[in-house]
Amino acid sequence: MKALRNYLNRIKPNFEPGGKLHALQSVFEGFETFLYTPNTTSKSGVNIHDSLDSKRIMIIVVLSLMPCLLFGMYNTGYQNWLAAGATEFPFWQLIGYGFLAVLPRITVAYIVGLGIEFAVAQWRHEEIQEGFLVTGILIPLICPIETPLWMLAVATAFSVIFVKEVFGGTGYNVFNVALVTRAFLFFAYPAQMSGDKVFVSSKSILGLGYDLPDGFTGATPLGQIASFSGDKLELLNLRGDAISAWDAFVGLIPGSFGETSTLCILIGAVILLATGIASWRIMLSVVAGGLLMGWIANVFETPTYPASFLSPLDQLLYGGFAFAAVFMATDPVTAARTGTGKYIYGLLVGVMAVLIRTYNNGYPEGAMLAVLLANALAPLIDYCVVQVNVSRRMRRLKERAGA
C-alpha cells in the first residue's frame, strides 16, 4: 500500500492545475479518495469533523447489500436448475452460475452510471460524488435477471441524467435513482419486465446451468396470486404446494435478483441500524403500514382481488416489500428528514405498497411505486411537520406572554 501511495503522490502533479492531465483532475481525486482518506480540512468557519463521511456511508450500505447479492447468485442458479427439473443442486455451481448471470448487469450499470457522472464532474469542474457506488449495485438487484443489457444501459443513463444530474447531482435528487431506473424499464418495456419467464434465467452460461424450453413458467408468488381465479381455499392450497412461507422468508422463489430473501434483507437491516446509517423510524413505520393495510385488505377479502386473501405477514414476505422498507424507503436524500415526518413517510410507503399490489391485479408489485410516490410527498410532509411545530411553539409563547 505504501508503494501505491508513493506512486499516486508522484503522478498527482500531472492532474493538478497546470499539469498535462489537469482536465482529468476530478477523476484522479475520485480514485485517490476512494483508496485513501483525504487529509485536507476546512480552513475557515465552524465545522464538525467526523470520520463517517459520505464515502464510508456508501461503502457500509454496499456491504449491507452483500447478503442479498450472494443469495441472489445462489437463487438464480437454483431457479434455473429447478425449472429444468433437476434433482440435485450443487452449491458452488449454482453460485457460479448466478455470478456469471449478474456480473454483466453490475458491470453495465457501473460503466454507464459512473461514466456519465465522471463526464458531468469534468464538465462542471466538480469532485466526483460517491452516490453511484450504491445505485450501481441496487439497479441489478431490483431488476429481473433476464433484463437485456441494452435496456439496463438505456434506463440507467436516463435515470442518472434526468433524475440526478439535472437536479445538481448527489444529494439533490428528488426521487430514488435506482427505483426510477426500474420504473423506466417497467413502463417503457413492460413485456420484458413482467410475466412468468423474466424472473428465471433461461440459458446456460459457459457450460453451467440449463437451456430451458420455451414453455417453462417462473411466475413470482405475487404474479401467481394476481392471476389466480378461485376461492380462498384453493388459493391456500396453491400457497401450501408452491408458495411456502418458509421459502418466501429464505428467498427460494422467483423474483428480482436481490429482493427475494427476507432473511438476507434483515441481515442488511441489522448492519444499517447498528452503524446508524438508516432510520429505524422509517423501517418500523413501513412495516407497520404494510401490516395495517394487509389486515384491512384481509378483513374485506374478495375473489375479485385474490391478493386480499393474503395474511398481513405474507404481504411483508412477498415481492419487493422488505427490500423497499430497508434499502429504498430509507434513502436519506429522498426520504423525509424530520423525526415525525419519517413516521408519516414510512407509514405511507407501507400502506400504498400493499394497497397497490392488492387492488391492481395488473400490477402485482406495489413497493416501487409506493416509494416513488412517497419520495414526491417527502418535502411536503417535512414542511407540514415543521409548520405544525412552529405554530405550536408560537401558541405556547403567546400563552406564556399572556400569563
### Message
Looking only at region 381-403, filter to residues that are modelled with pLDDT of 90 or more and open to solvent by 100 Å² or more (accessible area, probe 1.4 Å); which one of those is nearest to Y343 (Cα to Cα)?
### Response
Y383
### Query
Filtering region 85-123 down to residues that are open to solvent by 40 Å² or more (accessible area, probe 1.4 Å) and among the β-branched types (V, I, T), which residue is farthest from L69 (Cα to Cα)?
T87
### Message
Could you go through region 294-308 and let me know if any residue there is open to solvent by less than 30 Å² (accessible area, probe 1.4 Å), touching a helix residue (DSSP H, G or I) at 6+ places or on another chain (Cβ under 7 Å), over 24 Å from I139 (Cα atoms) and of a type in the set (S, T, Y).
### Response
yes
#### Entry: Qualifying residue in region 182-194 (condition: part of a loop (DSSP other than H, G, I, E, B), modelled with pLDDT under 80 and open to solvent by 20 Å² or more (accessible area, probe 1.4 Å))
yes
### Failed item, numbered, when D314 is tested on (1) within 22 Å of G72 (Cβ to Cβ); (2) under 19 Å from the mean Cα position of the chain (by Cα); (3) not polar (S, T, N, Q)
(2)
### Query
Just checking, which of A242, A219 is farther than 17 Å from L313 by Cβ, modelled with pLDDT under 75 and open to solvent by less than 50 Å² (accessible area, probe 1.4 Å)?
A219
### Of residues in region 155-171 being more than 18 Å from the chain's Cα centre (by Cα) and in contact (Cβ under 8 Å) with a residue 24 or more places away in the chain, the one surrounded by the most Cβ atoms within 10 Å (Cβ to Cβ)
E165
### Task
Residue by residue through region 124-137, note down the ones that are modelled with pLDDT of 90 or more and either touching a Phe, Trp or Tyr at 6+ places or on another chain (Cβ under 6 Å) or open to solvent by 30 Å² or more (accessible area, probe 1.4 Å) (or both).
G136
### Task
Scan region 111-145 for residues that are part of a helix (DSSP H, G or I) and of a type in the set (D, E) and jot them down.
E117
### Task
Being charged (D, E, K, R) and in contact with a helix residue (DSSP H, G or I) (Cβ under 7 Å, 6 or more places away or on another chain) is the filter here, so list the residues in region 348-403 that pass it.
R357, E365, D382
### Task
Please specify each residue of region 54-72 satisfying the condition of being under 14 Å from the mean Cα position of the chain (by Cα) and open to solvent by 50 Å² or more (accessible area, probe 1.4 Å).
L63, M66
### Task
With the checklist (1) open to solvent by 20 Å² or more (accessible area, probe 1.4 Å); (2) farther than 23 Å from L185 by Cβ in hand, flag the one item D331 doesn't pass.
(2)
### Query
V354 is checked against (1) in contact (Cβ under 8 Å) with a residue 60 or more places away in the chain; (2) over 19 Å from T260 (Cβ atoms) and fails just one. What number does that condition carry?
(2)
### Task
Check V351, V386, V333 and return the single one that is farther than 30 Å from F199 by Cβ and in contact with a Gly (Cβ under 9 Å, 6 or more places away or on another chain).
V386
### Enumeration of residues in region 321-370 that are of a type in the set (A, V, I, L, M, F, W, C) and in a loop (DSSP other than H, G, I, E, B)
A329, V333, A335, A336
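The values are calculated or read from the model by the stated rules, or taken from the named source; none is laboratory data. What you see is a predicted model; the values in this text were computed from it and never measured. So basically every Cβ, Gly included, is an ideal-geometry build from the backbone, and we count neighbours across all protein chains shown. All accessible areas refer to the heavy atoms of the entire protein, side chains included, with ligands and DNA or RNA removed. Shrake-Rupley method; radii C 1.70, N 1.55, O 1.52, S 1.80 Å.
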